[in-house]
Amino acid sequence: MTSPLLKVENLSKYYYGSRSLAERLTGVPETVVRAVNHVDLTIGRGEILGLIGESGCGKSTLGRAILRLHEPTSGRITFDGVDVTALGPEAMKTMRRRMQIIFQDPYASLNPRRTVAETVGLPLKLHNLAANPEEVRSKVSAMIERVGLKANQLDRYPHQFSGGQRQRIGIARALVSNPEFIVCDEPVSALDVSIQAQIIKLLLELKNEMGLTYLFISHDISVIGYLADRVAVMYLGEIVEMGPVDSVLSRPRHPYTQSLMSAVPDIDDSGPKARVRLVGDLPSPLNPPSGCKFHTRCPLAVEKCKISVPQIESVGTGHMASCHRLGENLSLLEEKAS
Ligand code: SF4
């Protein structure tokens, strides 16, 4: 990994349910959703870290907590040596120019009453990055053309564009302030497959041209396998495996990663061929399982897994996983699959 641009330490984001006065007086316990729970990760400058997991596992909440769009409950975020979690509102506003997000749903994320010029020009105005309206328009025009739209489309509204074009507008809005770090929150999953490849290609080109660093969130392993340098696998708010993308996808060590890989047999023919069906739904983060949170769905679970939380540990160069049965799980899964 290159020198770290972003460091996340022990980051948690909890949501607390409200209780009526009567519930409080009668001792009804407060409900807590641990959407992100003690996450540690580092992203190198110029790197793409893929973040993968099922819907509802906390990926998007983690991305938003890193940008403080959702205020973290605890933990520290350091960006380019600055403790982002300690910044006040004004300093955070300045920092936001350097840390941006591309949303999943390009239609919902665009204000239908604003033209393209107004939407993409807003970050320039917010951060005082243009001396006058003519310069705003000139910069917006250049950015819009760079993402593959035409300058004569600046005065149109979001409903006048296709889904792919709207996502290009979302990308232009994120990049026009010349940021360094982008949270790409499932930026292609709402698009047709034929458009997905075009948007991924554009994001990779822009990353190289502008020297960007991405946290790329997806539930699609094939997308992550194509573009990421490293990958983190998330389950019920926690990172259960992380490492170089080739290592994790060709030799996944956590049973959850192995079950995700079972659904995409064509990524790498050299990998183990364990076929592990993921049974059941993701448990509710309101009432997560004890011990290893994956034990209710894990084909290798033993009694210890129900009571003891496994620690994340090294399983190869830069490759880490958290499971009580790391030493044996690959061969056991292959046995179960045969
Ligand atoms: Fe499965 Fe136990 Fe490993 Fe958790 S600790 S992944 S339940 S074997």
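Couple of notes before you dig in:
- Note that segment 204-265 shows a convex hull volume over its alpha carbon atoms of 87 Å³ per residue.
- Residue of 92, 234, 242 that the Gaussian network model of the chain assigns the largest fluctuation, springs spanning Cα pairs under 10 Å: 92
- Helices in the chain, meaning DSSP H runs of at least 4 residues, each add -39500 (n - 2.57). Divided by all residues, the mean residue ellipticity at 222 nm is -9500 deg cm²/dmol.
- Ratio Rg/Rh [Cα only; Rh per Kirkwood] for segment 5-121: 1.05
- For the options 106, 283, 89, a Gaussian network treatment of the chain with springs between C-alpha atoms closer than 10 Å singles out 89 as fluctuating the most.
- Positive end of the dipole of the chain (Cβ unit charges, origin at the Cα centre): among 208, 14, 160, the Cα lying farthest that way belongs to 160.
- The chain pair-distance distribution - Cα-Cα, 20 Å bins, rounded %: 29, 54, 17, 0
- Beta bridges assigned by DSSP with both partners in the chain are antiparallel in approximately 60 percent of cases.
- Most mobile listed residue (39, 302, 240) in the chain, GNM with C-alpha springs under 10 Å: 302
- Relative contact order (%) - criterion: Cα under 8 Å, at least six apart; region: segment 173-231: 42
- Across all Cα atoms of segment 283-325, the radius of gyration (one decimal) and Dmax (whole number) stand at 11.4, 35 Å.
- With 10 Å bins beginning at zero, the pair-distance distribution over Cα atoms of segment 1-67 amounts to 17, 38, 23, 14, 7, 1 %.
- Cα-based helix-to-principal-axis angle, 133-146 vs the chain, degrees rounded to 10: 50
- Extension gain for residue 210 to residue 80 (0.36 nm times residue separation, less C-alpha to C-alpha distance): 45.1 nm.
- Per-pair calculated FRET efficiency, R0 = 51 Å: residue 302 and residue 129 via Cβ, rounded to 0.05: 0.35
No value in this document is a laboratory result; all are computed from the given coordinates. Keep in mind it's a predicted model, so treat the numbers as computed, not measured. So basically every Cβ, Gly included, is an ideal-geometry build from the backbone, and we count neighbours across all protein chains shown.
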